[in-house]
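Asks: Let me begin by handing over the structure; questions about it come next.
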Amino acid sequence: MLTLTAREKACEHLDKACHGEACPLAAGFYDRLPVARSAAAERGWLDRAGLRAVALEHQVCPYYLGQEMSRWADVVVADVNYYFDLHAQLYALTLQQQWQVGILVDEAHNLVERGRGMYTATLDHAAFRRLVPQLPAPLKRPLARVATAWQELAEQLDDAYGERDYRVLEHLPGKLIAALQQAVSRIVEYQSEQPIALDGELQRFSFEAQHLCRVAETFGSHSLCDLTRQPPRGRQRRAGATLTLRNVMPAPFLAARFTAAHGGTLFSATLSPQGYFRDLLGVPDSAPWLALGSPFAAGQLEVSIATRLSTRYAHRAASLDPLVARIAARFHQRRGNYLAFFSSFAYLEQVAERLAQRHPEVVQWRQAARMDDAARASFLARFESGGAGVGFAVLGGIFGEGIDLPGERLIGAFVATLGLPQVNPVNEQMRERLQTLLGSGYDYAYFYPGMQKVVQAAGRVIRTASDRGVIELLDDRFAQPRARALLPAWWPEPRLD
Ligand code: SF4
């Protein structure tokens, strides 16, 4: 068994580049690899710690030893990108070695967004313009062609759309893509002639441009090509434009990965509705869909829906007092730890502030927009058995799924809003394209992803067969039959109040 870990987490020398002149674990890697590989194979159980121990004993890079061992392992535990990504190593090996693989995908509901991300490519114009003055001489000309084609495109955006910041192109920008392809070949050639690694910024641009060129080769109705205006910075007189090839429906790509596997199972507590996931994930029509009974009983949970409360954007200001009144009433009715979820940090802050003013006796702590591992751990550590307070978090964020707070550590959750993605030009384009492709634009772009976040967040409350808890769904729209149809079947009938 082998666990593959991302480079940022497996690397022993994060401040160094991955080549023999910079990193001692890369120098002589291939000389020491055969012995390290035998030792790893003998060990058999190569979780992160085990792999690291073997690697350090033999003075080779743990990250690259993991990549090597994936050829020899019977079971590989890894992020989905190792098999589903456009450049996935495990998929390439499956084809090359004619492996018969079985794939198990946990938390498969996330594969829709992850899949979109894998087949989306973005090039940041501002980063490119910062790079240009520092280019080595042999790369100046090929990258100048990229700069010209890109600037022309940015100016077209200005001419055609005036002050609008976003535009969808009907066709790929052929001139820019051709210039990028040439530039990438020249960078690769240049790199092979250099004894030392490329500068970090240039390396990043090269990877991103290569990815964009590959995504461009597969461009089709499953994706959008768009430009987003970037304001001029510093001494620049003209605005720039970020180019994105944006995947809307990853199904055609993921379907090829399922076909290459001998078999597989996708599982999750929130794979509903079935049609949405089948359509977007490209699951074969012949694949059976099983709904397994929950290990939890309806008696463990109390669910209520606030039918006289609207958290629609236009009603946000009016919702603050009723929201804090419900949170405080529940807290005083049964003291303990609760999570309160909101669709955005702005809304979260408004409600948390109002609760602090009206009910300073209710202890609270809040998720911040950027939290490192220590900050996350300290947020979760507040949920102590026997403690009492309200943790504020955002729907779909780091505390909205994948965390376990069993028993008295968490006795209830408040979920305000349906978790609908923000209405903005990109999401509107996604909605239109999904309507055209699948006839279900609003539900696929907004409603189902929103309700999925709600059910995941509410799912933090009951984690074991002995847990007891409450869920308050704070919006009148939760009472609509189509929303209630997406709530877990094992939940008790919600109380409407
Ligand atoms: S070779 Fe390995 S240890 Fe060295 S910098 Fe690269 S990832 Fe880190």
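Asks: Using Cα atoms only, what is the angle between the long axis of helix 251-260 and the major principal axis of the chain, expressed in degrees (0 to 90) to the nearest 10?
Replies: Helix 251-260 sits at roughly 70 degrees to that axis.
Asks: Please report the spacing between the Cα centers of the range 298-363 and the range 105-143 in Å, no decimals.
Replies: 40 Å
Asks: Placing +1 at every Lys and Arg Cβ and -1 at every Asp and Glu Cβ, with all other atoms neutral, what dipole size does the range 121-247 have around its Cα centre, in debye to the nearest 20?
Replies: 340 debye
Asks: Out of ALA479, ALA413, GLY299, whose Cα points farthest toward the positive end of the dipole of the range 298-496 (charges: +1 Lys, Arg; -1 Asp, Glu; placed on Cβ)?
Replies: Farthest towards the positive end: ALA479.
Asks: Using Cβ counts within 10 Å as a stand-in for footprinting exposure, how do LYS16, LYS9 rank, fewest first?
Replies: If I rank by nearby Cβ atoms, fewest first, I get LYS9, LYS16.
Asks: On to the next question. Among ALA137, LEU176, GLY200, whose Cα lies farthest out toward the positive end of the dipole of the range 121-247, if unit charges sit on the beta carbon of Lys, Arg (+1) and Asp, Glu (-1)?
Replies: ALA137
Asks: What ranking of ASP79, ASP372 emerges when the number of other C-beta atoms within 10 Å of each C-beta is taken as an exposure proxy, fewest first?
Replies: Fewest-to-most ranking of ASP79, ASP372: ASP372, ASP79.
Asks: Now a separate question. Note down the magnitude of the dipole of the range 1-78 about its Cα centre, charges +1 on Lys and Arg C-beta and -1 on Asp and Glu C-beta and zero elsewhere, to the nearest 20 debye.
Replies: Result for the range 1-78 is approximately 100 debye, rounded to the nearest 20.
Asks: May I pose another question? Choose one of GLY240, GLY263, HIS13: the residue whose Cα lies farthest towards the positive end of the charge dipole of the chain (beta-carbon charges +1 Lys, Arg; -1 Asp, Glu; about the Cα centre).
Replies: GLY240
Asks: Neighbouring Cβ atoms within 10 Å as the yardstick, rank HIS211, HIS359 fewest first. Spell out each step's value before the answer.
Replies: Details: HIS211 21, HIS359 17.
The fewest-first ordering by Cβ neighbours comes to HIS359, HIS211.
Asks: Express as a percent, rounded to the nearest 5, the fraction of DSSP beta bridges in the chain (both residues included) that run antiparallel.
Replies: Beta bridges within the chain, antiparallel portion: roughly 30 percent.
Asks: On to the next question. If one takes the longest principal axis of the Cα atoms in the chain, at what angle in degrees, from 0 to 90 and to the nearest 10, does the Cα axis of helix 200-217 lie?
Replies: 80 degrees
Asks: I need the P(r) histogram for the range 292-442: all alpha carbon pairs, bin width 10 Å from 0 out to the longest distance, whole percents.
Replies: In whole percents, the pair-distance histogram is 10, 34, 33, 18, 5, 0.
Asks: Continuing with this model, one more query. At LEU104 and GLU217, where each label point lies 7 Å from the Cα along Cα→Cβ, what is the point-to-point distance in nanometres?
Replies: With each label point 7 Å from Cα toward Cβ, the separation is 3.4 nm.
Asks: On a 0 to 90° scale, report how tilted helix 345-358 is relative to the longest principal axis of the chain, with both axes built from alpha carbons and the result rounded to the nearest 10.
Replies: The angle comes out near 30 degrees.
Asks: Let me ask something else. Restricting to Cα pairs below 8 Å that are 6+ residues apart, what does the relative contact order work out to for the chain? Please round to a whole percent.
Replies: Rounded, it is 14 percent for the chain.
Asks: Also, quick follow-up: Considering the Cα positions of the chain, please state its Rg to one decimal place and its Dmax as a whole number of Å.
Replies: Rg, Dmax (Cα atoms, Å): 25.6, 72.
Every number here is computed from the coordinates shown, using simple stated rules; none is lab data. Computed from a prediction, not measured in an experiment: that's the story for all the values here. Cβ coordinates were reconstructed from backbone atoms using ideal geometry, including for glycine residues, and neighbour counts include every protein chain displayed.
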